[in-house]
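Here the structure comes first, spelled out in structure tokens, and everything after it is commentary.
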């Protein structure tokens, strides 16, 4: 999404200049950089089996539906307070990890409630590497420059506790941020660290769907979607699209930047239970 956002913003900037009377051969804004392969050359590894079909007929057979949730500023404040590991602590977890925790807990709890399903779970989150590496790469550097962080544990019959889940999420991101600092300096070893993060996710979960519950999250809240102007004004609303990947969620900031919109992809059979989860009902609209 970082690359997509960079492309759209560049496209809008140049289109607006032309709309305002600039000549086509005038100097346009600086083009994005497309040389990420210089930093991470291809390794000819096997394709990653994410389980997302390409054919329309296959997609329709999956019975996956997208649920839209809105978390207001006041909802997020209450969630962050509830997600504290220590009730006496003044330090709050991040709003993104807290919202992901609420969604992840609901998905895990509805799966654990069924004795036929496994109780082991993994939560994975995509992490943008660009500005986290040393030296950092600019935001407009294009390519699939991200890695997956993951937190894995076991839930008991009562499900998983929100503060513990949020702590696990935060810890996995912190570990990945430390890894990012050394990716460029380690050469081949740094490149393989990225591959291992993907392989860990697929080997434990996607390739063995009956082995554990997996939730895959992506945080788009910091991307400047609402700054894109093609010449007829800023966007009124920016949304995600349908992604046929079960138990996945995408977070996008609302136009004010204070609320969060979540696009959650679930199996149709799980939707009713998910909507009736006490935390989902309490903290969303």
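Take the alpha carbon gyration tensor of the range 102-199, find the square roots of its eigenvalues, order them as a ≥ b ≥ c, and report rounded if a/c is under 1.5; if not, report prolate when a/b exceeds b/c, else oblate. Prolate. Taking every alpha-carbon pair under 8 Å whose residues sit at least 6 apart, the range 62-164 reaches a relative contact order of 28 percent.
Let me make sure I get this right: for the range 129-285, a, b and c are the square roots of the gyration tensor eigenvalues over alpha carbons, sorted descending. Under 1.5 in a/c it's rounded, otherwise prolate if a/b > b/c, else oblate. Which is it? The shape class here is oblate.
The order of 98, 272, going from fewest to most other C-beta atoms within 10 Å of their C-beta, is 272, 98.
Every read-out reported here was derived from the displayed coordinates using simple, explicitly stated rules and does not represent laboratory data. Predicted model, so just to flag it, every value in this text is computed and none were measured. As a convention, Cβ positions derive from the backbone with ideal geometry for all residues, glycine included, and neighbour counts pool all protein chains shown.
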